[in-house]
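Trainee: Quick one: structure below, then a few questions.
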Amino acid sequence: HKVGPLSGKRVLVTSGPTHEPIDPVRYIANRSSGKQGHAIARAAAELGAEVTLVSGPVSIPDPPGVTVVRVETAREMLAAVEARMPVDAAVFCAAVADWRVAQAGEEKLKKDGSGPPSLGLVENPDILATIARRKEGRPILVVGFAAETEKVVEHAKAKLARKGCDWIVANDVSHTGEPGSGVMGGDRNTVAIVSAQGVESWPDMDKSDVARKLAERIATALKDKQWV
Ligand code: C5P
């Protein structure tokens, strides 16, 4: 590991989308590229942390110096995250599917003349909330993300309370900032860090710069903190 302000710290990051199977050849997914989560994993490793990146299916390369665990579904992601506990800091950047098909077909669905099948959906586990609300072995710092189009900070504050995490990185996906900023798959992001201490709005910047700044913040927050 590199030597830096996160030396000796264990950091976990989730990234990318999840894929929820419909049948053996079809799935429900979303447009998450994994760029922001992968950049955070990389930045934490560059500051010396021992980093595990739990990633859904993405087409970008693995960040250097990071242990990558690949998963497909939300339930696999939760199991992989729980298997890595305890960690000092956990950053939940993945765009986890809210729902999965209750009974994914074991055989490929066929057009049998009886009309389109209905997909009964059930809720997926909330990975961030599950970890943030742990009674034992909770990470010292739990960070969530929130993509909002309006009332960004107000919604992020509500999410902070609902999920039980320490910080919410709220990103404005309203497309009112710089062109390309906050768009899923884009290279730039405009974020605000919302915590019990208040709100800090960062200017529009590259996702790699958001990642570096966030990793530095995490290092400061963890400084001198011990397991409790
Ligand atoms: O509730 P919402 O999806 O808006 O919250 C987003 C935050 O919660 C992100 O940090 C995301 O990674 C996390 N999340 C999760 N598991 C879910 C849904 C969201 O970890 N099932």
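The values are calculated or read from the model by the stated rules, or taken from the named source; none is laboratory data. Worth saying up front: this structure is predicted, and the values here are computed from it rather than measured. Neighbour counts are summed over all protein chains in view; Cβ atoms, including those assigned to glycine, are modelled from backbone coordinates with ideal geometry. Surface areas here come from the heavy atoms of the whole protein model, side chains and all, with no ligands, DNA or RNA. Shrake-Rupley method; radii C 1.70, N 1.55, O 1.52, S 1.80 Å.
Trainee: Send over the Kirkwood Rh of the chain, from the inverse of the averaged 1/r over different Cα pairs, rounded to one decimal Å.
Mentor: Final number for the Kirkwood radius of the chain is 18.2 Å.
Trainee: Excluding VAL81 itself, calculate the net charge of residues whose Cβ lies under 15 Å from the Cβ of VAL81, where each Lys or Arg counts +1 and each Asp or Glu counts -1.
Mentor: +3
Trainee: OK, next. Within the set of other residues whose C-beta is less than 11 Å from the C-beta of VAL194, count the net charge using Lys and Arg as +1 and Asp and Glu as -1.
Mentor: -2
Trainee: OK, next. If you average the C-alpha positions of the range 155-171 and of the range 111-153 separately, how far apart do those two centres end up, in angstrom?
Mentor: Cα centroid of the range 155-171 versus Cα centroid of the range 111-153: 14 Å apart.
Trainee: Follow-up question, since we're still on this one. Quickly work out the ARG31-to-GLU216 label distance, labels modelled 7 Å from Cα along the C-beta direction, and quote it in nm with one decimal.
Mentor: Between GLU216 and ARG31, the label points sit 3.1 nm apart.
Trainee: Would you mind checking which residues have amide H under 5 Å from ASP187's amide H? H placed 1.01 Å from N; only 5 or more apart, or other chain.
Mentor: Under 5 Å from the amide H of ASP187: no residue qualifies.
Trainee: Skipping prolines and chain starts, which residues have an amide H placed within reach, meaning under 5 Å, of the one on ILE22, given they are 5 or more residues away or on another chain?
Mentor: Long-range HN contacts for ILE22: TYR27, ILE28.
Trainee: Go through the range 35-122 and name the trypsin sites (Lys or Arg not before Pro) that are in a DSSP coil and have 12 or fewer other Cβ atoms within 10 Å of their Cβ.
Mentor: Answer in residue order: LYS108, LYS110, LYS111.
Trainee: Inverting the mean 1/r over all pairs of different Cα atoms, compute the Kirkwood radius of the range 1-103 and quote it in Å.
Mentor: For the range 1-103, inverting the mean 1/r across all distinct Cα pairs yields 13.8 Å.
Trainee: What does the charge count near TRP167 come to, summing +1 for each Lys or Arg and -1 for each Asp or Glu among other residues with Cβ under 13 Å from its Cβ?
Mentor: +3
Trainee: Continuing with the same structure: For the chain, what's the relative contact order in percent, using C-alpha pairs closer than 8 Å and at least 6 residues apart?
Mentor: After rounding, I find 20 percent.
Trainee: Roughly how far apart, in whole Å, are the Cα centres of the range 2-29 and the range 191-225?
Mentor: Result: 20 Å between the Cα centres.
Trainee: Would you please give the FRET efficiency between ARG84 and LYS111, computed as 1/(1 + (r/R0)^6) with r the Cβ-Cβ distance and R0 = 30 Å, to the nearest 0.05?
Mentor: For R0 = 30 Å, the calculated efficiency reads 0.10.
Trainee: Express the accessible area of the range 48-103 per residue in Å², computed with a 1.4 Å probe while the remaining protein chains stay in the model.
Mentor: Accessible area per residue: 44 Å².
Trainee: Give the carbon-plus-sulfur fraction of the accessible surface of the chain in %, rounded to a whole number; probe 1.4 Å, heavy atoms of protein chains only.
Mentor: 51
Trainee: Under 5 Å between amide hydrogens, which residues at least 5 positions from VAL71 or on another chain qualify, with H placed 1.01 Å from N in the peptide plane?
Mentor: Answer set, sorted by chain and number: SER55, GLY56.
Trainee: Under unit Cβ charges (Lys, Arg +1; Asp, Glu -1), what dipole magnitude, rounded to 20 debye, does the chain have relative to its Cα centre?
Mentor: Computed charge dipole of the chain: roughly 420 debye.
Trainee: Only Cα pairs within less than 10 Å get springs; with that Gaussian network setup on the chain, which residue of PRO117, PRO21, PRO86 has the largest fluctuation?
Mentor: Among PRO117, PRO21, PRO86, the largest GNM mean-square fluctuation belongs to PRO117.
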